[in-house]
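*Asks:* The structure follows.
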Amino acid sequence: MKRHLVVATAGHIDHGKTSLVRALTGMETDRLVEERRRGITIELGFAFLGDSITIIDVPGHERFVKTMVAGVSAVDLALLVIAADDGFMPQTREHLAVLHLLRVPYLMIALTKIDGQDIDWLDLIEEEIRADVPTDYLETLKIFRCDSLSGEGIPEL
């Protein structure tokens, strides 16, 4: 029997979680009119990559952290989304702490919004990421540089 993988996004508001899910799957996870009007995720969104991967798109706003916790509580892997133009932000740190507390077994980083960013800046952001990620994740940690709008790095992810 083929194993089904459940992946959840995590990260600060406006770092590109929903755009990344759309770039990966072609599916729109913001279903509510209010989500589209405000440009933020409020409820959990679901997308599918083939028939073997489900992606749960969680809200990044601090007011919706309970919804985020519900979305990541039983996943196989978390995709922590960090915007290259912002780096680690308060909700990034909070989401990372939740993932670690819930013992999400694997963590991948999507360094988004890389279009137009200097390579040295991206290297510096990656250093910061490696310094801030709990050591249990470092051995298997993969960081993918990508841009949802241009499509750069999406196939590698």
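*Asks:* Identify the residue in the range 38-52 that is surrounded by fewer than 17 Cβ atoms within 10 Å (Cβ to Cβ) and over 21 Å from Arg93 (Cα atoms) and, among all such residues, is modelled with the lowest pLDDT.
*Replies:* Among them, the one singled out is Gly39.
*Asks:* Given the condition of a type outside the set (Val, Ile, Thr), touching a Lys or Arg at 6+ places or on another chain (Cβ under 9 Å), farther than 19 Å from Gly153 by Cα and without any contact (Cβ under 8 Å) to a residue 60 or more places away in the chain, answer yes or no: does some residue in the range 73-86 qualify?
*Replies:* Checked against the condition, which is being of a type outside the set (Val, Ile, Thr), touching a Lys or Arg at 6+ places or on another chain (Cβ under 9 Å), farther than 19 Å from Gly153 by Cα and without any contact (Cβ under 8 Å) to a residue 60 or more places away in the chain, the range 73-86 yields no hits at all.
*Asks:* Which condition number does Val6 fail, the rest of (1) of a type in the set (Val, Ile, Thr); (2) in a loop (DSSP other than H, G, I, E, B); (3) surrounded by fewer than 17 Cβ atoms within 10 Å (Cβ to Cβ) being met?
*Replies:* In the conditions (1) of a type in the set (Val, Ile, Thr); (2) in a loop (DSSP other than H, G, I, E, B); (3) surrounded by fewer than 17 Cβ atoms within 10 Å (Cβ to Cβ), Val6 misses (2) alone.
*Asks:* While we're on this one: Looking only at the range 106-136, count every residue that is touching a strand residue (DSSP E or B) at 6+ places or on another chain (Cβ under 7 Å) and at pLDDT below 95 and tell me the total.
*Replies:* 0
*Asks:* Let me ask something additional. Quick check on the range 99-113. Is at least one of its residues assigned to a helix (DSSP H, G or I), within 13 Å of the chain's Cα centre (by Cα) and touching a residue at least 12 places away in the same chain (Cβ under 8 Å)?
*Replies:* yes
*Asks:* Can you tell me which condition Arg103 does not meet? The list is (1) closer than 14 Å to Ala8 by Cβ; (2) of a type outside the set (S, T, N, Q); (3) surrounded by 15 or more Cβ atoms within 10 Å (Cβ to Cβ), and all the others hold.
*Replies:* Unmet condition: (3).
*Asks:* So which residues in the range 70-98 are of a type in the set (S, T, N, Q), surrounded by fewer than 17 Cβ atoms within 10 Å (Cβ to Cβ) and either over 17 Å from Asp57 (Cα atoms) or within 13 Å of the chain's Cα centre (by Cα) (or both), if there are any at all?
*Replies:* Residues satisfying the conditions do not exist here.
*Asks:* Right, another one. Determine whether Ile55 is touching a helix residue (DSSP H, G or I) at 6+ places or on another chain (Cβ under 9 Å), surrounded by fewer than 24 Cβ atoms within 10 Å (Cβ to Cβ) and either farther than 19 Å from Glu156 by Cβ or in contact (Cβ under 8 Å) with a residue 12 or more places away in the chain (or both).
*Replies:* No; evaluated as a whole, the condition is false for this residue.
*Asks:* In addition: Out of curiosity, is Asp30 over 21 Å from Asp132 (Cβ atoms), of a type outside the set (Phe, Trp, Tyr) and buried (at least 16 other Cβ atoms within 10 Å of the Cβ)?
*Replies:* yes
*Asks:* What's the number of the only condition in (1) in a loop (DSSP other than H, G, I, E, B); (2) acidic (Asp, Glu); (3) more than 26 Å from Ser150 (Cα to Cα) that Asp30 fails to meet?
*Replies:* (3)
*Asks:* Tell me, which residue of the range 58-89 that is farther than 25 Å from Leu5 by Cβ and in contact with a helix residue (DSSP H, G or I) (Cβ under 7 Å, 6 or more places away or on another chain) is modelled with the highest pLDDT?
*Replies:* Here the answer is Ala84.
*Asks:* Does the range 132-143 include one or more residues that are closer than 29 Å to Lys66 by Cα, part of a loop (DSSP other than H, G, I, E, B) and polar (S, T, N, Q)?
*Replies:* Checked the range 132-143: at least one residue is closer than 29 Å to Lys66 by Cα, part of a loop (DSSP other than H, G, I, E, B) and polar (S, T, N, Q).
The values are calculated or read from the model by the stated rules, or taken from the named source; none is laboratory data. Bear in mind the structure is a predicted one, so any value in this text is a computation, not a measurement. Note that we place each Cβ from the backbone using ideal geometry, even for glycine, and neighbour counts take in every protein chain shown.
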